[in-house]
Amino acid sequence: MSGMPRTQGPGRRPSRGDRVRTAATLMVAWVALLWLLEVVDVATGHALDRFGIVPRVPSELVDVVPASFVHFGFAHLSANSVPLLVLGFLAALGGVGRFLAVCALIVVADGLGVWLVSPAYSNTAGASGLIFGLFGFLLVSGFVERRPLGILAGVLVTAVWGGTILSGLAPTQSGVSWQGHLIGLAAGVLAAFAFRREPRARPSGVAARAVGRGAGGYSVRPRTRRSSRAHTNRAMPMKPLTEKKARLSRDRSCGRTMECS
């Protein structure tokens with residue numbers, strides 16, 4: 001036997017530990033980028049605030065995506081950092097590619113919605129629309145995919161941030177874009193349906209037994225109809241030759257119009 005370690009193929013599924021490390025690294029880097037941008041914003045006299053969304057101005061459509069990475073001060077960013085870190089981490093556990101697609105849908109839909117319905121002459125920026133979208137995604141995706149862990153995650157985030165989410169949807173708070181929160185939440189629910197994962201089919205019956213036996217070093221060959229018929233014919237008892245001759249003689253003595261009992 002060789003002493004070389006076994007290597008995994010390129011198509012292997014990442015382990016749970018790999019997914020946790022990848023999700024944590026991604027979200028820490030994401031939040032760190034937001035803080036770096038805010039440091040630059042403060043150092044330049046809030047020059048990055050112009051990347052917010054001013055509604056119904058055609059030139060502002062280019063700021064639909066950048067607006068989610070800009071904040072109006074460190075207090076604004078601090079309020080968004082922890083929920084973005086936790087909710088993003090939970091959503092990224094399902095796969096980085098899927099997570100980025102979910103975030104792209106939420107950010108674009110939320111930005112376009114803010115551009116359409118926000119009050120005139122307002123400037124909207126911040127990651128709260130994405131946060132509300134991730135909340136809606138986690139709340140619904142577990143039920144859509146019928147995954148117990150996903151349902152548990154939705155229950156937990158509702159218990160922790162449910163009250164904050166509801167208060168963020170109230171239109172009575174000044175300086176808060178409740179429209180962006182509501183649209184982000186709806187976009188997250190839509191993303192749960194658009195990017196749902198189908199459950200993996202499990203082998204059953206003969207296929208499952210064949211797979212299990214094949215792993216043990218021998219294979220299973222299904223019996224064909226011909227071999228089964230031959231086996232049945234061999235198993236049937238043959239009548240003695242003398243009985244067959246006696247029956248033929250009785251048939252001849254009865255005649256064609258008489259029935260023999």
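The values are calculated or read from the model by the stated rules, or taken from the named source; none is laboratory data. If you're wondering where the values come from, they're calculated on a predicted model, not measured in any experiment. Note: ideal-geometry Cβ built from the backbone for every residue, glycine included; neighbour counts use all protein chains shown.
Below are the figures for this structure:
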read-out	value
Helices (runs of 4 or more DSSP H) (entirely within region 112-220) containing at least 3 residues that are at pLDDT below 90	205-215
Condition check for Leu116: in contact (Cβ under 8 Å) with a residue 12 or more places away in the chain and either polar (S, T, N, Q) or closer than 24 Å to Arg21 by Cα (or both)	no
Test: residue in region 124-141 that is surrounded by fewer than 20 Cβ atoms within 10 Å (Cβ to Cβ) and not aliphatic (A, V, I, L, M)	no
Count of region 53-79 residues which are surrounded by 20 or more Cβ atoms within 10 Å (Cβ to Cβ) and within 16 Å of Gly175 (Cβ to Cβ)	5
Subset of region 19-60 (residues that are of a type in the set (Lys, Arg), assigned to a helix (DSSP H, G or I) and at pLDDT 95 or above)	Arg21, Arg50
Enumeration of residues in region 124-159 that are touching a residue at least 24 places away in the same chain (Cβ under 8 Å) and among the β-branched types (Val, Ile, Thr)	Thr124, Ile131, Val140, Val144, Val157
Top-ranked residue in region 152-174 [being touching a Gly at 6+ places or on another chain (Cβ under 9 Å) and surrounded by fewer than 16 Cβ atoms within 10 Å (Cβ to Cβ); ranked as nearest to Val82 (Cα to Cα)]	Val155
